[in-house]
Amino acid sequence: MSTHAAHPSPAVDWLGQALSVVCLVHCAATPLVLALLPAATGVVAGWHPVLWGLVVVAAGVAFVPGYRHHRRRAVLLWAALGISLLALGAFWENELAWSEVVLSMAGASAMLYAHWQNRQLIACCAPGEHAHG
């Protein structure tokens, strides 16, 4: 039985970063699309729980092995912040229509930064080595 943790994959962080950028574009474009096509509102809103679930799974696949490799809690904190903001944007019912966009874009930005940091630390640090900074 092997005692080695799964080796972190930079490809997962690249995918996470790409999905974060897609999320940012989606959040920026959705209000315009909905203004032009109000009937699309129900379709767009219905996908947010599914997309949030995918974010959580992808984050686990990227950040758990990454943390085991570099041991930087800040990466996990940025990811937790991003996931929390995305959850608020996706699930919080309120009357401020813009809040969903702002929360989701802030969450996607935090995830983008967390994946970038994770990838940088995996590249620079030997397993278990603490990077400076």
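What pairs come out if I take residues in segment 49-60 that are on the phi > 0 side of the Ramachandran plot and surrounded by 12 or more Cβ atoms within 10 Å (Cβ to Cβ) and pair them with residues that are modelled with pLDDT of 90 or more and part of a helix (DSSP H, G or I) whose C-beta lies under 8 Å away, six or more apart or interchain?
Final answer for the pair search is none.
Rundown of residues vs (1) at pLDDT 90 or above; (2) within 20 Å of Leu121 (Cβ to Cβ); (3) not acidic (Asp, Glu), yes/no style:
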site	(1), (2), (3)
Gly42	no, no, yes
Leu51	no, no, yes
His69	yes, yes, yes
Gly82	yes, yes, yes
Leu88	yes, no, yes
Glu93	no, no, no
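Has segment 28-39 got any residue that is of a type outside the set (Lys, Arg), within 18 Å of Gln120 (Cα to Cα) and either surrounded by 13 or more Cβ atoms within 10 Å (Cβ to Cβ) or at pLDDT 90 or above (or both)?
No, segment 28-39 contains no residue that is of a type outside the set (Lys, Arg), within 18 Å of Gln120 (Cα to Cα) and either surrounded by 13 or more Cβ atoms within 10 Å (Cβ to Cβ) or at pLDDT 90 or above (or both).
The values are calculated or read from the model by the stated rules, or taken from the named source; none is laboratory data. These numbers were taken from a predicted model, which means no experiment stands behind them. Backbone-built Cβ (ideal geometry, glycine too); neighbour counts: all protein chains shown.
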